[in-house]
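The values are calculated or read from the model by the stated rules, or taken from the named source; none is laboratory data. These figures come from a predicted structure and were not determined experimentally. Cβ placement follows ideal geometry from the backbone for every residue including glycine, while neighbour counts extend to all protein chains displayed. We work out accessible area using only protein heavy atoms, side chains counted, and drop any ligands, DNA or RNA first. Shrake-Rupley method; radii C 1.70, N 1.55, O 1.52, S 1.80 Å.
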Amino acid sequence: MSVTNYIPADTTPQNSSNGQRPNFSHPVEAAFARILDYYGIEWQYEPRTFPLEWDDQIRILEAFSPDFYLPQQDLYIELTTLRSGLTTKKNRKIRRMQALYPEINIKLFKRREMRDLMVKYGLDQEAEAFAGDAAQHDETQQSTP
Amino acid sequence: MTEIQFAANPELAEDISEVLLTSGQIQDRVKQLGEQISADYAGRNPILVGVLKGVLFFMADLLRAIHIPVEVDFMAVASYSSEARDKGLVRLVKDLETPIAGRDVLFIEDMVDTGLTLNYLLKILRMRDPASLEVCTLFSKNKLRLIDFKCKYTGFDLPDRFVVGYGLDHRERYRNLPFVGLLKPQVLKNRGPE
């Protein structure tokens, strides 16, 4: 089944170009946005929510909002600070999304990849978040439903 | 382990937990790339453009593996330091000295991961109307790619790990290791100035 509909998360997508800064749910997301800004890459924060499960009445039971969308690359980015053992639910959602929306490009940045990215860009404080409890939010605390 | 034990710079090498690519493997691949580039660009006098600083080692070895006439030039961009961040956008801190309009340009990179820096530099180079513009990278990390590129030449696809050596650094250290290796986890965790 291929589903092309989506739910706009907000009527006004939050991005860097209109001067609005979204309320990021994790400092690492803010750091990621600043890196994109630095390199002049246009981005939107959680601009779409993709339904994943429906009941018999076609009411949405489960949905997924990737963290970032890069319009020029037509690419969705999901960042995770969760340890690998805690990402099962998120991985399942992404697999489900890829099955339902095969035309959508999405990339998951895992915890270690995020840490390496922060180290690469000299963001020691943000990288440190991956060593302590701050990186171990329960999935229900994340921005994605 | 031999590479680590007999490295000319043991103080740096002792921070390495595993060698992923030996100097011999790197040199063999660089020679292959040099042969390929020599064949593809024969009679075209290309300009090889590198972005400082990580590309120094690869550029030096690649140039010597190419047996056709070539020119070389370098660019540099402000790294994503706290000072640069405060100034806003990425900017060139060293531009080319050679005009490239109508020339065959081969952009040489040590590593392409997110592609953010490469994307910025290729935009600048494209605006200068080169006859052709291709990319040669020694190392590639596709898992981190944010900007999609076609690299005409790729030396090695690297795993999703933080690697150093042969130009790749961690806080400006380890570039001068002749091999590519993984940093010990405790080295990555250590913060602050060296």
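Please compute the net charge surrounding B:Ile68, taking Lys and Arg as +1 and Asp and Glu as -1 over other residues with Cβ under 14 Å from its Cβ. Walk me through the intermediate numbers first.
Numbers: positive: B:Arg44, B:Arg64; negative: B:Glu35, B:Asp40, B:Glu71, B:Asp104.
For residues surrounding B:Ile68, the net value is -2.
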If each of A:Ala99 and A:Arg21 carries a label point 7 Å out from its Cα toward its Cβ, how far apart are those two points in nm?
4.0 nm
Output wanted: per-residue J couplings in Hz (rounded whole) for region A:90-97, from phi through Karplus 6.51 cos²θ - 1.76 cosθ + 1.60, θ = phi - 60°, x for Gly and Pro.
5, 4, 5, 4, 5, 4, 5, 4
How tilted is helix B:23-40 with respect to the longest principal axis of chain B? Cα atoms for both, answer in degrees (0 to 90, nearest 10).
10 degrees
Comparing each residue of region A:77-126 in the complete protein assembly with the chain by itself (heavy atoms, probe 1.4 Å, ligands and nucleic acids ignored), those losing at least 40 Å² of accessible area are A:Lys107, A:Phe109, A:Arg112, A:Glu113, A:Asp116, A:Val119, A:Lys120, A:Tyr121, A:Asp124
Tell me, what ³J(HN,Hα) does each residue in region A:113-122 have, in order and in whole Hz, if you take phi through Karplus 6.51 cos²θ - 1.76 cosθ + 1.60 with θ = phi - 60° and put x for Gly and Pro?
5, 5, 4, 5, 5, 5, 5, 4, 8, x
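Tally Lys and Arg at +1 and Asp and Glu at -1 over the other residues with C-beta under 10 Å from the C-beta of A:His26: what net charge comes out? Walk me through the numbers on the way to the answer.
Working: positive: none; negative: A:Glu29, A:Asp67, A:Glu126.
Surrounding charge for A:His26 is -3.
Taking the Cβ of B:Arg128 as the centre, find all other residues whose Cβ is under 14 Å away and add up their charges (Lys, Arg: +1; Asp, Glu: -1).
On the way: positive: B:Arg103, B:Lys123, B:Arg126; negative: B:Asp73, B:Asp95, B:Glu97, B:Asp104, B:Asp129.
Taking every other residue near B:Arg128 into account, the sum is -2.
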Calculate the FRET efficiency for B:Leu125 and B:Glu35 from the Cβ-Cβ distance with a Förster distance of 25 Å, rounded to the nearest 0.05.
0.50
Taking H as built 1.01 Å from N, whose amide H comes closer than 5 Å to the amide H of A:Arg48, not counting residues under 5 places away?
A:Ala9
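Taking region B:123-167, which trypsin sites (Lys or Arg not before Pro) meet the DSSP loop condition and have no more than 12 other C-beta atoms within 10 Å? If you can, show how the numbers build up before the last one.
Values: sites: B:Lys123, B:Arg126, B:Arg128, B:Lys141, B:Lys143, B:Arg145, B:Lys150, B:Lys152, B:Arg161; in loops: B:Arg128, B:Lys141, B:Arg145, B:Lys150, B:Lys152, B:Arg161.
Loop-located and lightly packed - B:Lys150.
Counting only heavy atoms of protein chains, what accessible area per residue, in Å², does chain B have with a probe of 1.4 Å? Intermediate values should be presented prior to the final figure.
Details: 9150 Å² over 194 residues.
Normalised by residue count, the accessible surface of chain B is 47 Å².
Find the sum over both chains of the accessible area lost when A and B are paired, probe 1.4 Å, and report it in Å² to the nearest 100.
Accessible area lost upon association: around 2600 Å².
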A 21 angstrom limit on the alpha carbon distance is what I want to check against. Which of A:Lys107/B:Lys152; A:Lys90/A:Lys110; A:Lys93/B:Lys143; A:Lys89/A:Lys110 exceed it?
A:Lys107/B:Lys152
